[in-house]
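The values are calculated or read from the model by the stated rules, or taken from the named source; none is laboratory data. Just so you know, these numbers come straight off a predicted model, no measurement behind them. Cβ placement follows ideal geometry from the backbone for every residue including glycine, while neighbour counts extend to all protein chains displayed.
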Amino acid sequence: MNITDDNFFILAAKAYQPVCLSKDDFIKDVRSINYIKADITRYLRTNSHPNLRTVINRFIVASNNFGPVDAMKFTFYAVRQNEVHITVLKTIFTFLQIMPEIISITDALSVDDRCVINEELLKELEHVAKIR
């Protein structure tokens, strides 16, 4: 099912995996997906490794809460209007070896092989992984 503003929270609730202790916990976990967008913006502005790690860490938390495929869809939905952010996400997901060939987000957005991978960022991710 494609994500829209009208069904986003319903789809997120269906995908939510932890035992929801409260509505506030659920809302906080959903909002953390939107923070990824701000983290990507910060990374693009500063080109800083810690900001890149923050994007990856937030996505891992979202994956634990919503499952990796749904977390990917929700994250792409959050950045759907910014092609540079989509490229950064696709590159990160490719680096993590979880990017499917195609993932449908909305009627107007499918992330597939036409969406490019940032080779420079991919090399940077490999470098950051070697540092640790």
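What tally of residues in segment 94-132 results from selecting those that are among the aliphatic types (A, V, I, L, M) and closer than 18 Å to Glu83 by Cα?
Step one: of segment 94-132, the residues among the aliphatic types (A, V, I, L, M) are 96, 98-99, 102-103, 105, 108-109, 111, 116-117, 121-122, 125, 128-129, 131.
Filter again for closer than 18 Å to Glu83 by Cα, leaving 99, 102-103, 105, 108-109, 111, 116-117, 121-122.
Here the count works out to 11.
Condition (residue is over 21 Å from Asn118 (Cβ atoms) and of a type outside the set (Gly, Ala, Ser)) applied to segment 46-62: is it met by at least one residue?
yes
Determine if segment 78-92 includes at least one residue that is basic (Lys, Arg), at pLDDT 90 or above and in a helix (DSSP H, G or I).
Just the residues of segment 78-92 that are basic (Lys, Arg), to begin with: 80, 90.
If we keep only those that are at pLDDT 90 or above as well, we get 80, 90.
Okay, now just the ones that are also in a helix (DSSP H, G or I), so 90.
Yes - at least one qualifying residue is present in segment 78-92.
If I filter segment 74-132 down to residues being within 22 Å of Asn2 (Cα to Cα) and of a type in the set (Lys, Arg), which single residue comes out as nearest to the chain's Cα centre (by Cα)?
Lys90
Look through segment 99-126, keep the residues that are out of contact with any Lys or Arg (no Cβ under 9 Å at 6 or more places or on another chain) and closer than 21 Å to Phe8 by Cβ, and return whichever of them is modelled with the lowest pLDDT. Explain how you work it out, then say what you get.
Of all residues in segment 99-126, those out of contact with any Lys or Arg (no Cβ under 9 Å at 6 or more places or on another chain) come to 100-102, 107, 110, 112-114, 119-126.
Filter once more, so that each one left must be closer than 21 Å to Phe8 by Cβ: 100, 102, 107, 110.
On the way: Pro100: 90, Ile102: 89, Asp107: 83, Ser110: 88.
Per the criteria, the residue is Asp107.
Would you check if there is a residue in segment 11-33 being surrounded by 13 or more Cβ atoms within 10 Å (Cβ to Cβ), at pLDDT 90 or above, among the β-branched types (Val, Ile, Thr) and closer than 17 Å to Thr91 by Cβ?
Looking for residues that are surrounded by 13 or more Cβ atoms within 10 Å (Cβ to Cβ), at pLDDT 90 or above, among the β-branched types (Val, Ile, Thr) and closer than 17 Å to Thr91 by Cβ, one finds none in segment 11-33, hence no.
Does Phe76 satisfy the condition of being over 28 Å from Val128 (Cβ atoms) and either crowded, with 17+ Cβ neighbours inside 10 Å or in contact (Cβ under 8 Å) with a residue 40 or more places away in the chain (or both)?
Details: over 28 Å from Val128 (Cβ atoms): no; either crowded, with 17+ Cβ neighbours inside 10 Å or in contact (Cβ under 8 Å) with a residue 40 or more places away in the chain (or both): yes.
Spelling it out, it is not the case that Phe76 is over 28 Å from Val128 (Cβ atoms) and either crowded, with 17+ Cβ neighbours inside 10 Å or in contact (Cβ under 8 Å) with a residue 40 or more places away in the chain (or both).
Inside segment 1-46, can you point out the residues that are outside any helix (DSSP H, G or I) and among the polar types (S, T, N, Q)?
Passing the criteria: Asn2, Thr4, Asn7, Gln17, Ser22.
Please verify whether segment 55-72 includes one or more residues that are at pLDDT below 90 and outside any loop (DSSP other than H, G, I, E, B). Write out each step before concluding.
Of segment 55-72, the ones at pLDDT below 90 are none.
Within segment 55-72, none of the residues are at pLDDT below 90 and outside any loop (DSSP other than H, G, I, E, B).
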